[in-house]
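Beneath this line is the structure, given in structure tokens, with notes to follow.
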Amino acid sequence: MNWLTRQASDALASLRDPAAHFRYGLVLAVLIAVADRLSKWAILYWVDLPARQKITITPFFDLTMVWNPGISYGLLPANSTWSIAVLVAFALVVTAALTVWLARIENRLLAAGVAMVIGGAVGNAYDRVVYGAVADFVSLHAFGFYWYVFNVADVAIVVGVVLLIWDAVFGPEAREERARRQSPGTDNDQ
């Protein structure tokens, strides 16, 4: 029983260990970047989607080849070497800043959110450097409505941002702040 108690206490301590969260985040970011690269390699070279342009998988899901020269949803198209370099540099600066933040994070959910954004940003930055645009290929649609074509990195970024928002609203620091504001005898006007 002593052994089980020690294991449980070590597991709880690791949940509060920023170094453990940093390692977890780095591994997750690398896994996402690798999954993105593998999926794009398969689409580009194995499936040869650029030559086929579109493959219908289900009535609501197609593989559709789209080269996105801009950022999310095609905004700010980068059609020159200079503009591509600016987008790549921006992605690298954001990735570096997020990595510094990741090193200081003390909860796993927040670490996962930041790691997902890092992994997705690295995956899409790689495309910009190698191809000059991001390879998007997942097309979901229903009832005549087509969503934007996206890739694994885009999904990771969106889920990562959702986790960041979730943590900001419902995470431990947000809960502590709400508790502090609601406790009697504290100055709530600060």
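The values are calculated or read from the model by the stated rules, or taken from the named source; none is laboratory data. Only a predicted model underlies this, so the values are computations on that prediction, with no experimental measurement involved. All Cβ positions, glycine included, derive from the backbone under ideal geometry; neighbour counts span all protein chains shown. Calculation scope for accessible area: heavy atoms of the full protein, side chains included, ligands and nucleic acids excluded. Shrake-Rupley method; radii C 1.70, N 1.55, O 1.52, S 1.80 Å.
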Self-check item: In order through region 142-159: 3J(HN,Hα) via Karplus (6.51 cos²θ - 1.76 cosθ + 1.60), integer Hz, x for Gly, Pro
Solution: 7, 6, x, 9, 10, 7, 4, 6, 9, 9, 4, 4, 4, 4, 4, 5, 5, 5
Quiz item: So what are the ³J(HN,Hα) numbers for region 117-127, from phi and the Karplus equation (6.51, -1.76, 1.60; θ = phi - 60°), rounded to whole Hz, Gly and Pro as x?
Solution: 5, 4, x, x, 5, 5, x, 6, 5, 4, 4
Self-check item: Simple label model, 7 Å out from Cα along Cβ direction - Val86 to Val30, nm
Solution: 3.4 nm
Practice problem: Before anything else, pin down the relative contact order of region 56-161: Cα pairs under 8 Å, at least 6 apart, normalised by residue count, whole percent. | Solution: 36 percent
Exercise. Would you tally the net charge around Asp167, using a Cβ to Cβ cut-off of less than 12 Å, leaving Asp167 out, and scoring K and R as +1, D and E as -1?
Key: 0
Quiz item: Taking Cα centroids, how far is region 122-138 from region 158-176 in Å?
Solution: 28 Å
Quiz prompt | Heavy-atom accessible area per residue - region 25-127, 1.4 Å, Å² | solution = 55 Å²
Quiz item: Packing-wise, with mean Cβ within 10 Å as the measure, how do 82-95, 46-59, 123-136 rank, highest first?
Solution: 123-136, 82-95, 46-59
